[in-house]
Amino acid sequence: MNKYILSCVLLILALVGSSCIGDLDVKPINPNLDVNFNQDANFAKIYAGLALTGNKGPAGEADIDDTDEGASGLMRMMFNLNELPTDEAICAWTGDVDVFPLNSAQFTSSNGVVLNMFSRLYIQIAQCNNFLIQIDGKDDEKTSLQRNEVRFIRALDYYYLVDLFGNVPFVDENTGIGAYVPDRITRPDLFSYIEKELKEIESALKAPRSNEYGRADQAAAWMLLSRLYLNAEVYSGTARWADAATYAKKVMDAGYSLTPKYEDMFKADNNTSSEMIMPICYDGVYTRSWSGLFFIASFITGDMNTEATFGTTEAWGGNRARSALIKKFAANGNISSVKDDRALFWSDGRSLEIEKPSEFKEGYSTTKFKNITKSGAIGSDPNKQFPDMDFPLFRLAEANLTFAEATLRAGGSRADAIKAVNDLRIRANAATISDTELTLDFLLDEKAREFYFEAQRRVDLIRYNKFTSGYTWDWKGGVPEGVSVSSHLSLLPIPVSQMTANSKLVQNPGY
């Protein structure tokens, strides 16, 4: 039982209490309630934590109670933190005191989204640790595979922590016994830990495309390693471009293929895509989350023929594109003249330029995500609210662009890099590029064209040293024409409640 208490200590010490905005009540899972460990149920719960909020414990207790179901969902927070402070998305919800400031990268240690993200990741880590403790000593084939997949999920959680927060508390299945305050791990050391974990489990996971849909395999580990290495200079101080290219190429050679039509990658039956490496799974009947619906409902309003066009009766009118994103497709904003199938935007009744961020119809809406199948059928939810669309956490196109950028930076074959880019542009019916057009700046823009609104942009801008300065866009820093912001904003603050609970933590500079 002492070992079980260990798995819960992070919840008890780091997450107990409520947020300053009053919408997040976090309480520890009572270790005395989980005496009958169900291996398969707890394994499923760890994957479910990627998609769902209010993830219930074995006796019905919730690890997070929030009054706005979905506000603390992983994908919703990933979007808010990685898209709203960038040149891609902007939110109209002035009444949301935690979301609206993210439009101008106004991060504070009391921000509810920052706290929710920190809390969600550590709750998942605690659940992973508990699972690993409970199966200790079991070495049958099923248990060994589950063990390595859980280690992958934990490495993924720590990846988001090293990226967003830098130096954070560290706990695993071997960290002490009994009540304690978790030690702080530095960003470079956490980078090394994630790398070590992924390298250790790499060969033990199932081969690419041989695991059940939605579960991690070797290709998922290679994708996470390639993403880790692509940003290694930011996280550890040492560039690892060649390693990023190597692992991206492993994925490119693993038997996946690009979905023939770009827009089909974001429809209700995208679970059939040959491009999908690892999704966060949603289902309109069985896996419902307002975090999942967020991708559709917040991008549309009633004037967009929502049910027929998007497969949902919901229309929240919150997030839309900044003009900087639109101009990456068409300098004059005329999307109708663009020959690029990725330019999925709604301009009717919209203005290109945004004079008031609070006005949803200022700025083009995106039509990228739909709860409609390739054949035109609406998703499975009879009320046409919750979508079936899975979120592509990793897809083949990312390997292509990671390979191209890392190869270019490492001085590798330009011809191979150009082919990786042009494969995506051919799929999009866009003009292919020549050798003279292959530059790092082009690749940064191409990443936006391929992955806008997929919760990756902040990471890319930071890697290019353009997130805080060196590049401005509309409403950056809260100014219409955009201004540079302080360099300390490249890291989020450690939530104030965590600083109070753990005397070993050090606040990130500038907060």
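The values are calculated or read from the model by the stated rules, or taken from the named source; none is laboratory data. Quick caveat, the model's predicted, so the values are computed rather than measured. Neighbour counts are summed over all protein chains in view; Cβ atoms, including those assigned to glycine, are modelled from backbone coordinates with ideal geometry.
Listing for the model above:
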| item | result |
| --- | --- |
| Subset of the stretch 180-203 that is loosely packed, with under 15 Cβ neighbours inside 10 Å and not in a helix (DSSP H, G or I) - its residue that is farthest from the chain's Cα centre (by Cα) | 180 |
| Test result for residue 403, within 27 Å of residue 75 (Cβ to Cβ) and either part of a loop (DSSP other than H, G, I, E, B) or at pLDDT below 95 (or both) | no |
| The stretch 121-176, subset touching a helix residue (DSSP H, G or I) at 6+ places or on another chain (Cβ under 9 Å) and of a type in the set (Gly, Ala, Ser), residue farthest from residue 37 (Cα to Cα) | 166 |
| Hits in the stretch 75-102 (condition: in a helix (DSSP H, G or I) and either over 17 Å from the mean Cα position of the chain (by Cα) or of a type in the set (Val, Ile, Thr) (or both)) | 100, 101 |
| Count - residues of the stretch 139-179 that are free of Cβ contacts under 8 Å to residues at least 24 places away in the same chain and not in a helix (DSSP H, G or I) | 4 |
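Residue-wise test of (1) crowded, with 21+ Cβ neighbours inside 10 Å; (2) outside any loop (DSSP other than H, G, I, E, B).
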site: 292; (1), (2): yes, yes
site: 295; (1), (2): yes, yes
site: 312; (1), (2): yes, no
site: 325; (1), (2): yes, yes
site: 336; (1), (2): no, yes
site: 356; (1), (2): no, no
site: 374; (1), (2): no, no
site: 380; (1), (2): no, no
site: 385; (1), (2): no, no
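Here's the yes/no breakdown for (1) hydrophobic (A, V, I, L, M, F, W, C); (2) closer than 21 Å to residue 446 by Cα; (3) in contact with a strand residue (DSSP E or B) (Cβ under 6 Å, 6 or more places away or on another chain); (4) part of a strand (DSSP E or B):
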residue: 279; (1), (2), (3), (4): no, no, yes, yes
residue: 285; (1), (2), (3), (4): yes, no, no, no
residue: 308; (1), (2), (3), (4): yes, no, no, no
residue: 316; (1), (2), (3), (4): yes, no, no, no
residue: 320; (1), (2), (3), (4): no, yes, yes, yes
residue: 330; (1), (2), (3), (4): yes, yes, no, no
residue: 339; (1), (2), (3), (4): no, yes, no, no
residue: 342; (1), (2), (3), (4): no, yes, no, no
